[in-house]
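What follows is a single structure, written as structure tokens, with notes after it.
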Amino acid sequence: MSTIPNPGDQRPLVGKVAIVTGASRGIGQAIAVRLAQMGAGIAAVATSAERCADTVAQCRAVGVPAEAFGVDVAESAAVDELVKRIAAQMGGVDILINNAGITRDGLLLRMSEEDFDRVVDVNLKGTFNFVKSAARLLMKVRGRIVNISSVVGITGNAGQVNYAASKAGVIGLTRSVAKELAGRGVTVNAIAPGYIETDMTAAIDPAAAAKLSEAIPLGRIGRADEIAAAVAFLVGPGGDYLTGQTIVVDGGLSL
């Protein structure tokens, strides 16, 4: 007889290990800490392990194992070795959160090939690299994958052709991988955040930020913990029957 999960259980991820890329700050850090609060051990990944020191400290503070790792997500061989190392060191991999991403904005006619390629390599190829490297481990445990896309990958945005293309690609990758891994019980979903309060958006001119807030039906920029809450739903008991979906968390901006 199947057991119905208790939605009131605040630590449903005890005994599981989650890889979170781009975990040094902002959305990635908020996701790592939220999953730690749910009981998961955390492998916090950034371009260098040192950058994740604060994230690891916050995760350990809630009583879970947490370690920091450094890698260039665009380097497939390095990612493959890292995933093997994480699995050996932490006892497996149950959850993969692909959050690592960069921007190199510019209008189409002024954008260099280098800036286009690097954004696609990190945001899209980096996601592919981790999904491919972790897939067999996740198939053994009916694991969960959540890829962080962007509302810009749905709506497009002037001055961000590279970023929009990479994030739209993440959505297509998510849907395709969901079909491939569903038979092994692995769910694969994406979250498309709107404008979220992070170090990246803090650089926006205050007047521009105010104008942006006015364009959002809910009247404010989102918070990193609100993206973390959506991830928590997808990797927790509530996400058991969702796969191939893109959840837009943007305050209504894309309506």
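Tally up the residues in segment 95-114 that are charged (D, E, K, R) and crowded, with 18+ Cβ neighbours inside 10 Å, please.
Kept after step one, since they are charged (D, E, K, R), are these residues of segment 95-114: 104-105, 110, 113-114.
Those still in the list that are crowded, with 18+ Cβ neighbours inside 10 Å too: none.
Number of matching residues: 0.
Select from segment 8-46 the residues that are assigned to a strand (DSSP E or B) and touching a Ser or Thr at 6+ places or on another chain (Cβ under 7 Å) and write down the one among them that is surrounded by the fewest Cβ atoms within 10 Å (Cβ to Cβ). Quick ask: steps written out before the conclusion?
Narrowing segment 8-46 to residues assigned to a strand (DSSP E or B): 17-21, 41-46.
Those still in the list that are touching a Ser or Thr at 6+ places or on another chain (Cβ under 7 Å) too: 44-46.
On the way: Ala44: 31, Val45: 33, Ala46: 24.
Going through the qualifying residues, I end up with Ala46.
Among the candidates Ile42, Ile19, single out the residue that is touching a Lys or Arg at 6+ places or on another chain (Cβ under 9 Å) and closer than 30 Å to Ala202 by Cβ.
Numbers: Ile19 fails: touching a Lys or Arg at 6+ places or on another chain (Cβ under 9 Å).
Step by step, each of Ile42, Ile19 is checked, and only Ile42 is touching a Lys or Arg at 6+ places or on another chain (Cβ under 9 Å) and closer than 30 Å to Ala202 by Cβ.
Residue check, Gly91 against (1) touching a strand residue (DSSP E or B) at 6+ places or on another chain (Cβ under 8 Å); (2) open to solvent by less than 20 Å² (accessible area, probe 1.4 Å); (3) of a type in the set (Gly, Ala, Ser), all met but one. Which one?
The number of the failed condition is (2).
Please note which helices (runs of 4 or more DSSP H) are completely contained in segment 180-255 and include at least 1 residues that are within 17 Å of Gln29 (Cα to Cα) and open to solvent by less than 30 Å² (accessible area, probe 1.4 Å).
224-235
Which residue pairs have Cβ atoms under 6 Å apart, sit 6 or more places apart or on different chains, and have a first residue in segment 162-190 that is under 17 Å from Ser133 (Cα atoms) and basic (Lys, Arg) and a second that is open to solvent by 20 Å² or more (accessible area, probe 1.4 Å) and modelled with pLDDT of 95 or more?
As it stands, the answer is Arg184/Met139, since those pairs meet every condition given.
Being at pLDDT 95 or above, of a type outside the set (A, V, I, L, M, F, W, C) and touching an Asp or Glu at 6+ places or on another chain (Cβ under 8 Å) is the filter here, so list the residues in segment 4-22 that pass it.
Lys16
Ala49 fails exactly one of the following numbered conditions: (1) open to solvent by 20 Å² or more (accessible area, probe 1.4 Å); (2) under 22 Å from Thr187 (Cβ atoms). What is the number of that condition?
The number of the failed condition is (2).
Is it true that Val122 is of a type in the set (A, V, I, L, M), in contact (Cβ under 8 Å) with a residue 24 or more places away in the chain, within 19 Å of Ile191 (Cβ to Cβ) and out of contact with any helix residue (DSSP H, G or I) (no Cβ under 7 Å at 6 or more places or on another chain)? Outline the logic, then answer.
On the way: of a type in the set (A, V, I, L, M): yes; in contact (Cβ under 8 Å) with a residue 24 or more places away in the chain: yes; within 19 Å of Ile191 (Cβ to Cβ): yes; out of contact with any helix residue (DSSP H, G or I) (no Cβ under 7 Å at 6 or more places or on another chain): yes.
The answer is yes for Val122.
Tell me, please, whether a residue that is surrounded by 20 or more Cβ atoms within 10 Å (Cβ to Cβ), modelled with pLDDT of 95 or more and more than 29 Å from Glu197 (Cα to Cα) can be found in segment 61-84.
yes
From the residues in segment 127-154 that are surrounded by 22 or more Cβ atoms within 10 Å (Cβ to Cβ) and out of contact with any strand residue (DSSP E or B) (no Cβ under 7 Å at 6 or more places or on another chain), which one is nearest to Ala190 (Cα to Cα)?
If we take residues in segment 127-154 being surrounded by 22 or more Cβ atoms within 10 Å (Cβ to Cβ) and out of contact with any strand residue (DSSP E or B) (no Cβ under 7 Å at 6 or more places or on another chain), then Asn129 is nearest to Ala190 (Cα to Cα).
Of Gly70, Gly92, Gly39, Gly22, which residue is of a type in the set (Gly, Ala, Ser), within 20 Å of Gly153 (Cβ to Cβ) and in contact (Cβ under 8 Å) with a residue 24 or more places away in the chain?
Numbers: Gly70 fails: within 20 Å of Gly153 (Cβ to Cβ); Gly92 fails: within 20 Å of Gly153 (Cβ to Cβ); Gly39 fails: within 20 Å of Gly153 (Cβ to Cβ).
None of the others qualify; the one that does is Gly22.
The values are calculated or read from the model by the stated rules, or taken from the named source; none is laboratory data. Since this is a predicted model, take the numbers as computed values, not measurements. A quick note on method: Cβ atoms are made from the backbone with ideal geometry, for glycine too, and the neighbour counts reach across all protein chains shown. The area values use the complete protein model at the heavy-atom level, side chains included, leaving out ligands, DNA and RNA. Shrake-Rupley method; radii C 1.70, N 1.55, O 1.52, S 1.80 Å.
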